[in-house]
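Here the structure comes first, spelled out in structure tokens, and everything after it is commentary.
The values are calculated or read from the model by the stated rules, or taken from the named source; none is laboratory data. Note that the coordinates shown come from a computational prediction; the quantities given were computed from them, not determined experimentally. Positions of Cβ are generated from backbone atoms using ideal geometry, with glycine treated the same way; all protein chains shown enter the neighbour counts. Just so you know, the surface numbers come from the protein's heavy atoms only, side chains and all, with ligands and any DNA or RNA stripped out. Shrake-Rupley method; radii C 1.70, N 1.55, O 1.52, S 1.80 Å.
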Amino acid sequence: MLFNSFIFIFIFLPVTVTVFFWLGRRSHAWAAGWLALASLFFYGYWDYRYIPLLLASIGFNYLIGLRIAQTAMPARKRWLIVGVGSNLLLLAYFKYANFFLETISFVSNNNLPSLDIILPIGISFYTFTQIAFLVDTYQGKVKEYRFVHYLLFVTYFPHLIAGPVLHHKEMMPQFSDERIYKYSPENFAVGLTIFCIGLAKKVLIADNLAPFAAPLFEHPGSPSLLLAWAGVLAYAFQLYFDFSAYSDMAIGLSRLFGVRLPLNFNSPYKAENISEFWRRWHMTLSRFLRDYLYFPLGGNRTGMFNRYRNLMVVMLLGGLWHGAGWNFIIWGGLHGLYLVIHHAWVGISKSLRFPSDSAIWKLGATVITFIAVCFAWVFFRSPDLGTSWEIVRGMTGGFGIALPEAIGSRLGALGTMLENAGVNYYLGGGARFIENWSWVMFAAAIAFLLPNTQQIVRRFEPALDFLPAAQPGPGRAATWLTWVPSRRWAMFLGVLTVTSLLSLNRPNEFLYFQF
């Protein structure tokens, strides 16, 4: 079931919310159980055959967690190893078994048969969430073990399919708070506002960029410079608004129930370096990789070489987490290389006392970071390495610089100069070319120039506590919205929502559902 579908918006969500608060007046346990049951239905609507796998994973991890909590060392550590190892084996089988078989076949020149495995949706997210639970239990951070709350913690439908990756301490204590079982007009106002903004991002921007990105990656041919960049940028902004939309909608939906999810997306294309990018993009996954992989490997405490090694290992595994393929490994490796270069540059610039706080420098750093991220997105999106290299070659001018004839024929003397400089014209595609770049520029203007959702919502009552204190915004709050009266804002939001609902005739899945 998709957030951006009629059945979710007009049937599932109203029924789930109404029954939850009706039960909440009678029994908090029944209300929590209902929400968990509704979340299982939400998950099973995609494919009911994987509900037993999800429940088995939940039951196993809950029992292992109790064992860890009730056992002294060294048995305590052994139970942790059993729990984490079992989760990783489950993930390896469903997500990586065929990838390993294909790699072995290629290396050994033997044609090993593939396994008939369908990847259960959301398995990466609920597996990582439960690994975090086991580690937190081992470290003594878990204080509450009611099974109905744990079941809801894992299955909670706003985050089940595509995150955020949650810590136990962020969620389960909230289910013990009696305030979430009482209807709150403030929570509804804030939640619906955030949800509607996210819905607009998805159906009005991300889904309209998709038709311009897909042709390049499905049939790249020999793309010229402008065509290659048009398709790559279309995908870069499609993914940006798609994931931003899901993050907004998840937070907004959860707020309807009075439950606050952690911020997971915070204008990452505004980042001035790659480290900042990862503090803004998929923030809870970055936190998970830092806390449960980078720090245990030694972080930056064991010397420069080991720090760079740890960064590469973390990003390579992060790439592999996103998908079972060499393209994802290269994508992770590129980001590892970017991080190594960035940290090396920080050390050099500090020793040379290089001035890096000017507006021009910050703008240049943001542009360089964005271009580097876009190059890496090519490998993230491409179906195979051959396609990736074709597109990268086009992005670097390997297939020339071409303009649609409809444009080139109207440039006059400028067109002659460009032709002498090696710019060629080709037949057709003028309108499509202009439409592609128009959408890219429109999306770029919103991503780079306008405030993000949390900055907007902070400007309106009653959303003063929209974000948890531990998750502040970037400090660039928009000031141009402060004069907008509530009535005008409500009218704008209403028009935006109606327009979004009218565009739901062709719902598309969120891109992160495949991970």
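Each row is one residue, and each column tells you yes or no for (1) on the phi > 0 side of the Ramachandran plot; (2) in contact with a Lys or Arg (Cβ under 9 Å, 6 or more places away or on another chain); (3) without any contact (Cβ under 8 Å) to a residue 40 or more places away in the chain; (4) open to solvent by 10 Å² or more (accessible area, probe 1.4 Å).
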{"site": "Ala245", "(1), (2), (3), (4)": "no, yes, no, no"}
{"site": "Arg255", "(1), (2), (3), (4)": "no, no, no, no"}
{"site": "Ser267", "(1), (2), (3), (4)": "yes, yes, no, no"}
{"site": "Thr284", "(1), (2), (3), (4)": "no, no, no, no"}
{"site": "Pro296", "(1), (2), (3), (4)": "no, no, yes, yes"}
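If you go through the range 3-16 one residue at a time, do you hit one that is surrounded by 13 or more Cβ atoms within 10 Å (Cβ to Cβ), aromatic (Phe, Trp, Tyr) and over 18 Å from Glu509 (Cβ atoms)? No; the residues of the range 3-16 include none that is surrounded by 13 or more Cβ atoms within 10 Å (Cβ to Cβ), aromatic (Phe, Trp, Tyr) and over 18 Å from Glu509 (Cβ atoms).
State yes or no: is Arg260 in contact with a helix residue (DSSP H, G or I) (Cβ under 6 Å, 6 or more places away or on another chain), in contact (Cβ under 8 Å) with a residue 12 or more places away in the chain and basic (Lys, Arg)? It is false that Arg260 is in contact with a helix residue (DSSP H, G or I) (Cβ under 6 Å, 6 or more places away or on another chain), in contact (Cβ under 8 Å) with a residue 12 or more places away in the chain and basic (Lys, Arg).
Applying the set (1) in contact with a Leu (Cβ under 8 Å, 6 or more places away or on another chain); (2) at pLDDT 90 or above; (3) surrounded by 18 or more Cβ atoms within 10 Å (Cβ to Cβ); (4) within 28 Å of Leu199 (Cα to Cα) to Ala38 leaves exactly one unmet item: (1).
Checking the structure you have, find out if any residue of the range 301-308 is open to solvent by 10 Å² or more (accessible area, probe 1.4 Å) and either of a type in the set (Phe, Trp, Tyr) or under 17 Å from the mean Cα position of the chain (by Cα) (or both). Yes, that holds for at least one residue.
Just wondering, is there one or more residues in the range 419-427 that are over 29 Å from Ile371 (Cβ atoms), more than 28 Å from the chain's Cα centre (by Cα), surrounded by fewer than 16 Cβ atoms within 10 Å (Cβ to Cβ) and at pLDDT below 65? Give the derivation first.
Narrowing the range 419-427 to residues over 29 Å from Ile371 (Cβ atoms): 427.
Filter once more, keeping what is more than 28 Å from the chain's Cα centre (by Cα): 427.
Filter again for surrounded by fewer than 16 Cβ atoms within 10 Å (Cβ to Cβ), leaving 427.
Restricting the remaining residues to those that are at pLDDT below 65 gives 427.
Checked the range 419-427: at least one residue is over 29 Å from Ile371 (Cβ atoms), more than 28 Å from the chain's Cα centre (by Cα), surrounded by fewer than 16 Cβ atoms within 10 Å (Cβ to Cβ) and at pLDDT below 65.
Taking the range 219-262 as the range and being touching a strand residue (DSSP E or B) at 6+ places or on another chain (Cβ under 9 Å) and among the charged types (D, E, K, R) as the test, only Asp248 passes. Contact map, the range 298-324: first residue among the polar types (S, T, N, Q), second residue in a loop (DSSP other than H, G, I, E, B), Cβ cut-off under 7 Å, separation 6 or more or different chains; pairs are Asn306/Gly298; Asn310/Gly298; Asn310/Gly299. Do we have any residue at all in the range 114-129 that's in a helix (DSSP H, G or I) and farther than 30 Å from Ser176 by Cβ? For the range 114-129, residues in a helix (DSSP H, G or I) and farther than 30 Å from Ser176 by Cβ: absent.
Looking only at the range 401-408, decide whether some residue is at pLDDT below 90 and touching a Lys or Arg at 6+ places or on another chain (Cβ under 9 Å).
Restricting attention to the range 401-408, the residues satisfying the condition of being at pLDDT below 90 are 401-408.
Those left that are additionally touching a Lys or Arg at 6+ places or on another chain (Cβ under 9 Å): 404.
Yes - at least one qualifying residue is present in the range 401-408.
When you check Tyr235 against the structure, is it under 21 Å from the mean Cα position of the chain (by Cα) and part of a helix (DSSP H, G or I), yes or no? When the stated conditions are applied, Tyr235 passes them.
Out of all the residues in the range 298-311, is one or more of a type outside the set (Val, Ile, Thr), under 30 Å from Ile121 (Cα atoms) and at pLDDT 85 or above? Working first, answer last.
Step one: of the range 298-311, the residues of a type outside the set (Val, Ile, Thr) are 298-301, 303-311.
Checking the rest, the ones that are also under 30 Å from Ile121 (Cα atoms) come to 310-311.
Remaining after also requiring at pLDDT 85 or above: 310-311.
Yes.
Against the numbered list (1) open to solvent by 50 Å² or more (accessible area, probe 1.4 Å); (2) outside any helix (DSSP H, G or I), Ala324 comes up short only at (1).
All conditions but one from (1) assigned to a helix (DSSP H, G or I); (2) touching a residue at least 60 places away in the same chain (Cβ under 8 Å); (3) basic (Lys, Arg); (4) out of contact with any Gly (no Cβ under 9 Å at 6 or more places or on another chain) apply to Arg279; the one that does not is (2).
The residue pairs whose first member lies in the range 8-28 and is over 14 Å from Ser39 (Cα atoms), whose second member is in a helix (DSSP H, G or I) and open to solvent by less than 20 Å² (accessible area, probe 1.4 Å), and whose beta carbons are closer than 6 Å, counting only pairs six or more residues apart or on different chains, are Leu23/Ala31; Gly24/Ala31; Gly24/Tyr181; His28/Tyr181. When Ala445, Ala365 are screened for being at pLDDT 95 or above, open to solvent by less than 70 Å² (accessible area, probe 1.4 Å) and in a helix (DSSP H, G or I), only Ala445 passes. When the helices (runs of 4 or more DSSP H) confined to the range 142-232 are screened for residues that are modelled with pLDDT of 85 or more and open to solvent by less than 30 Å² (accessible area, probe 1.4 Å), those reaching at least 1 such residues are found at 147-155, 157-160, 185-200, 207-218. In the range 342-362, of all residues being open to solvent by less than 70 Å² (accessible area, probe 1.4 Å) and outside any helix (DSSP H, G or I), the one that is farthest from Gly323 (Cα to Cα) corresponds to Ser358.
Of all the residues in the range 58-112, those that are more than 26 Å from the chain's Cα centre (by Cα) and open to solvent by 80 Å² or more (accessible area, probe 1.4 Å) number 16.
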